[in-house]
Structure formats: C-alpha cells, structure tokens
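Inspection log for the structure reproduced underneath, given as structure tokens.
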Amino acid sequence: LVARKSHKEDTVIVLPGDVTVGGPSSLMVAGPCSVESELQTRTVAAALQKAGVRVMRGGAFKPRTSPYDFQGLGMDGLRILREAANDYGLLTISEIVDPRHIEESLDYVDIIQIGARNMHNFELLKAVGEVNKPVLLKRGLAATLDEFIHAAEYIMSRGNTQIMLIERGIRTYEKATRNTLDISAVPILKQECHLPVLVDVTHSTGRKDILIPCAKAALAAGADGIMVEVHPDPATALSDAAQQLNIDEFNNFFNEVKASGLYR
Ligand code: PEP
Ligand code: MN
C-alpha cells in the first residue's frame, strides 16, 4: 500500500490550519527533546511562532537508555505542549510508546510520533494504524530501508494512510556523529514510496555544528521537511543537552536553510 508502484502520486498530508506535508512547501518541525515545564515549552513556542514555524515537537514519553534518566512528564507533558501550541498557533507532534495511551493522546497531538526504538513494535504500529491521526514514523536504529517501509505498511494496512517517514540516522562504526545520517535513504524512500519523507538532523548527527549543511543536503536530496531540537537553555536540558540548539542558534539555522533556496 505504501509502494509507489501501487499509488503513483505523492501523498500530501493536510494538517489543521492547512499545513501540508509532502506538498509544494517544506515543513520545519522544531522544539525541545522533552517537554520539561510550562515555561520552557512556552518559551520555545513563542520563538517558533516568531520564526514562522507551524509544527512544534516535544517529547512527553521519553525512551531513555537508562531507567534512572528523566522519563518525561507523560500526559501532563502532552497537556503542556498542547496549551503552549494553542496559545502560539502551532501544531503538535509527540511520541507515543504505548498503545494504551493513543486514545487519550488524540486531543493533544496533531501528529503521533513513533520513535526509532519502536519502529519494530508491530502491535503499536497496528494500533496507530487504526486511528484517524497523522503518524510520523522514525527509522529504527539499525533498520534497513526494506524494514522501514514494511513498518509503514503495518500502519497503512490497518487503514491509516496519513504516514510520514523520517530518516534519523542509523548505527554504524563511525564515532564522529551520534548516528550516521543516511542521506541516500531520502531519494530511495521517495522512489519506493509515495509518502512524505523528512530528515531529523539532530538525532542523526548529534552535533550542532553540522546541522546547516546536513539540512541542506536533506532538502537537496528531496526531503519534504526537517526536524530539529530547540531548547531555551540546552545546557540544563533534561535530555539530549549536548545536541539541542538554543533559540538564537535555531533562528540562524532556519534563516540559513531558507536562504539556501532549497526550502520551499
Ligand atoms: C525523539 O525524536 O524524541 C527521539 C527520541 O528520537 P529517536 O526515536 O529518533 O531516537
Ligand atoms: Mn532528543
């Protein structure tokens, strides 16, 4: 169902407020790794509105390596994200990790994110396949493109056709970046599937100093959008402190990406 051979035209996802993904305009998804507080979330929301961003991310259920690390604010985090987004005219995207949370999350998220660690969680994929809500599916940490495409097929086979794919880097032997951004995934996914394809420059690289060229490369390769993490004070962030942009850095990043002429 997700294959280009079964459906020739590009899928365009229409979000509330006529924001489209996969259509003529590029999408910038920005926001903190985790929702930490009302103030932190509202500070980012205000900056994003000012920059002209339409979709804010913020994790509430965090898939952390250690069980002793900050696990996210859960439903309270989703409420904080929704309120900040409403006040600043933004849409929301947040990761859901448990099928039991899907129903309740529908009031708070405009896009459900399936995280890299859950790309192979087939029961979760089936569950989000049964709701009428766009889904952003992240590529697994070590997933082949064929496995990634099949994960999207799990969702679509249950009836939900509103799926966006996002390359977020894969594990390789390279240590210079947190993961290896597989830029070739973009044209391959665009060729093989009719779904919008985004690139998460933050989690793929884990380094702030190369985000601009990586975002340009993603757009030049045909990506429909970019995801990037932004925090008012990254040094104090409760997750991914080393890789989030502060607000000035984000504004510079977004301006440079737009100035490249690759951001439609
Ligand atoms: C995230 O985007 O919040 C995240 C945890 O990323 P990933 O699932 O790609 O590791
Ligand atoms: Mn993160």
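Every read-out reported here was derived from the displayed coordinates using simple, explicitly stated rules and does not represent laboratory data. These numbers come from a predicted model, not from an experiment. Please note: Cβ atoms are built from the backbone with ideal geometry, for glycine as well, and neighbour counts cover all protein chains shown.
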Worksheet item: If you stretched the chain out fully between ARG4 and SER157, how much longer would it get, using 0.36 nm times the residue separation minus the C-alpha to C-alpha distance?
Response: 53.6 nm
Worksheet, complete the sentence: Expressed in angstrom and rounded, the centroid-to-centroid distance over alpha carbons for the range 17-44 and the range 66-139 is 13
Discussion item. Out of the GluC sites (Glu not before Pro) in the range 172-264, which ones are loop residues according to DSSP with at most 14 other C-beta atoms within 10 Å?
Written reply: GLU174
Worksheet item: Can you list the aspartates and glutamates whose alpha carbon is less than 18 Å from that of LYS258, not counting same-chain residues fewer than 8 positions off?
Response: ASP200, ASP209, ASP224, GLU229, ASP248, GLU249
Worksheet item: Do any GluC sites (Glu not before Pro) in the range 1-77 lie in a DSSP loop with no more than 11 other beta carbon atoms within 10 Å, and if so, which?
Response: GLU9
Discussion item. Ignoring everything except DSSP H segments at least 4 long, calculate the 222 nm mean residue ellipticity for the chain; use -39,500 (n - 2.57) per segment, divide by total residues, nearest 500.
Written reply: -10000 deg cm²/dmol
Fill in: Of LYS50/LYS126; LYS133/LYS175; LYS126/LYS190; LYS133/LYS208, pairs whose Cα-Cα distance is over 28 Å
LYS50/LYS126; LYS133/LYS175; LYS133/LYS208
Discussion item. Suppose each label sits 7 Å from its Cα in the direction of the beta carbon; what would the GLN191-THR20 distance come out to in nanometres?
Written reply: 2.6
Worksheet item: Which loop GluC sites (Glu not before Pro) in the range 70-167, with loop taken from DSSP, have no more than 16 other Cβ atoms within 10 angstrom of their Cβ?
Response: GLU130
Discussion item. Among DSSP bridges having both ends in the chain, what percentage is antiparallel? Round to the nearest 5.
Written reply: 15
Item to complete: Averaging sequence separations of C-alpha pairs under 8 Å and six or more residues apart, then dividing by the length of the chain, give the relative contact order as a whole percent.
Response: 20
Discussion item. Using 0.36 nm times the number of residues separating ALA46 and VAL12, minus their current alpha carbon distance, what extension gain do you get?
Written reply: 9.5 nm
Worksheet, complete the sentence: For the range 130-249, percent of DSSP beta bridges that are antiparallel (nearest 5) comes out at 10
